[in-house]
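J.: Quick one: structure below, then a few questions.
The values are calculated or read from the model by the stated rules, or taken from the named source; none is laboratory data. Worth saying up front: this structure is predicted, and the values here are computed from it rather than measured. Reconstructed Cβ throughout: ideal geometry from the backbone, glycine too, with neighbour counts over all protein chains shown.
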Amino acid sequence: MTAPDQSRVRPYFEVSDAEWRAKLSELEAQPSPRVLFRGATIVTMDPDYPDLAKGDLLVEGDRISRIAPDLAEEARAGTVVVDAVGTVLAPGLVDAHRHCWANSLRRLIPDVDLAGYMATTHSVMASSYRPQDMYAGDLATMLGALDSGVTCVLDFSHNSRSSAHSDAVFEAYRHSGIRAVHASAAPEAGDWDEQWPADLSRLKEVYCSSPTSLNSLRLAVVSRLVKPLEDLMADARSLGVGITLDAVLGPQGSEFVVDFGRRGLLGPDVTLIHCTDLIDEAWRHIADSDTRVTLAPTSDAQLGILDGQFPIQKCLDFGIRPSLSVDVEMSLASDMFSQMRCVLTTQRSDAAVRRYAGDAEFPLIETRDVLEFATVQGARAIGLEGQIGSLTPGKQADLIMIQAQDINNLPLNNAIGTIVLGTDAKNINAVFVAGVARKWNGRLVGQDVNKVRRLAQETRDHIASKVGLNVDPVAPTGH
């Protein structure tokens, strides 16, 4: 019998499950793995490093080290070599705004409008959350994000009723292994310890100060103000943390943006979420100050936020490249592929209307644009553009490996089209965060999913008992 050719780089589908397990054991045996992906299609999202139809990528420790058409010379002893022909390597997706604490109640209220969501979530349920419920919701969220190719989430945590609630959330980050930006906010309603914003300095010191930490911190605000907003922003800047403001909407949001823009209080350390139905003067202040914008495409449309039109075209008209976000899983889809497709389809639909009406030059966005929004611009919106968002040597090794020859994607004809239009969680073979495998051969690494199921169900049942809710999968809540 002829021995197999060990020098041939194989398609991923020729690698047996036993071989995948053996490779994972090699990875886990090294404190600082050296990983060489061979023969993949590589989408870098960095104009200084062209995409490769077939190439190799080397990870050393927590960093991307090299990208080239052929790095066979790097396959030395101690290197975990991954046969990646037929896959696409891409940057990990970045969700720039998700409310993670509530997601033991995923899809509980899929058909409510914004008023119904606010009444159900904040006015009724939020005050019954214990620290362990925060942990359960965040852990389920972060593992779901990793499973679907999201390597970094801005967790807009607006139910921090005590320091213990915040501590529990950071424990969930640690146990999941995701890169997390903790956007700390006061609860929107109900009693709380009123430890915020004073607790921000403790959170930064305890959880975000280590050079190897995957956590970072931002000050976040929706509507509850414990003191004037300009004072809160000054507090954040004195701590050296960014600022994320949710629900910047309509006339009130326009008035705020114009006022703060005129006073020089906006800037690249500020991110505004939604930005629905803002006036043009507000958009000019956003663009002139390089303030970041995060859209929540399915949220605006499905929850009916103001006119339901998320402002992708306003962003483009004013030269703003937005980031994207999931927002609330209680009512919406959990994955970033849905957000990219929503933005692409909506903008192109609107452009088709304009072109049909005679504006033949009205611009169309493309699949690469929305992938940029979900990677590069996501990193910019959360202040991590120097670390993640692209496959750039020297950046953190946050990346995903997509099986592009699976039945729903084969044959591989266009890499970015495959990512944006064809891929879902089942196609993601591997997810790396800072060089560590968090998903491998299609499964989360080192996670007891049955435990996550139990914790989420315990939280759901606790909340239901506290608020008198009967959870029945075939009798929708909120009707």
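J.: If you check Q377 against the conditions, is it under 19 Å from the mean Cα position of the chain (by Cα), assigned to a loop (DSSP other than H, G, I, E, B) and of a type in the set (S, T, N, Q)?
T.: So Q377 fails the test.
J.: With (1) more than 21 Å from the chain's Cα centre (by Cα); (2) more than 25 Å from G308 (Cα to Cα) as the list, and A136 as the residue in question, which single condition is left unmet?
T.: (1)
J.: Considering only residues of the stretch 438-451 that are more than 14 Å from I402 (Cα to Cα) and not basic (K, R), which is farthest from the chain's Cα centre (by Cα)?
T.: Once the filter is applied, the top-ranked residue is N450.
J.: When you go through R292, R321 one by one, which is the residue that is surrounded by fewer than 24 Cβ atoms within 10 Å (Cβ to Cβ) and modelled with pLDDT of 95 or more?
T.: It is R321.
J.: Answer yes if at least one residue in the stretch 142-149 is over 25 Å from T459 (Cα atoms), within 16 Å of the chain's Cα centre (by Cα) and not acidic (D, E), and no otherwise.
T.: Yes, the stretch 142-149 has at least one match.
J.: Can you pull out the residues in the stretch 372-390 that are buried (at least 24 other Cβ atoms within 10 Å of the Cβ) and among the aliphatic types (A, V, I, L, M)?
T.: The answer is A374, A379, A381, I382, I388.
J.: For the stretch 55-160, give me every one of the strands (runs of 3 or more DSSP E) that falls completely inside it and has 1 or more residues that are touching a residue at least 60 places away in the same chain (Cβ under 8 Å) and of a type in the set (S, T, N, Q).
T.: 63-68, 87-91, 150-157
J.: Looking at L421, is it modelled with pLDDT of 95 or more and either assigned to a loop (DSSP other than H, G, I, E, B) or more than 24 Å from the chain's Cα centre (by Cα) (or both)?
T.: Taking the combined requirement at face value, the residue does not satisfy it.
J.: In addition: Across the stretch 236-249, what is the total count of residues that are at pLDDT 95 or above and either surrounded by fewer than 17 Cβ atoms within 10 Å (Cβ to Cβ) or farther than 18 Å from R380 by Cβ (or both)?
T.: 4
J.: Out of everything in the stretch 380-402 that is among the β-branched types (V, I, T) and not in a loop (DSSP other than H, G, I, E, B), what residue ends up being farthest from Y49 (Cα to Cα)?
T.: The residue in question is I402.
J.: Out of the residues in the stretch 83-107 that are closer than 25 Å to T294 by Cβ and of a type in the set (A, V, I, L, M), which is surrounded by the fewest Cβ atoms within 10 Å (Cβ to Cβ)? Reasoning before the result, please.
T.: Just the residues of the stretch 83-107 that are closer than 25 Å to T294 by Cβ, to begin with: 90-107.
Next, from what is left, pick out any that are of a type in the set (A, V, I, L, M): 90, 93-94, 96, 102, 105.
Details: A90: 29, L93: 28, V94: 31, A96: 33, A102: 27, L105: 25.
The qualifying residue surrounded by the fewest Cβ atoms within 10 Å (Cβ to Cβ) is L105.
J.: So K426 fits all but one of (1) within 30 Å of V241 (Cβ to Cβ); (2) out of contact with any strand residue (DSSP E or B) (no Cβ under 6 Å at 6 or more places or on another chain); (3) not assigned by TED's automatic domain parsing to the domain that holds D290; what number is the exception?
T.: That leaves (1) as the condition not met.
J.: Could you go through the stretch 358-369 and let me know if any residue there is out of contact with any helix residue (DSSP H, G or I) (no Cβ under 9 Å at 6 or more places or on another chain) and not small (G, A, S).
T.: no
J.: Then there's this: List the residue pairs whose Cβ atoms are under 6 Å apart, where the first residue sits in the stretch 415-443 and is on the phi > 0 side of the Ramachandran plot, the second is surrounded by 24 or more Cβ atoms within 10 Å (Cβ to Cβ) and among the small types (G, A, S), and the two are 6 or more positions apart or on different chains.
T.: That search, which allows pairs on different chains as well, returns G435/A397.
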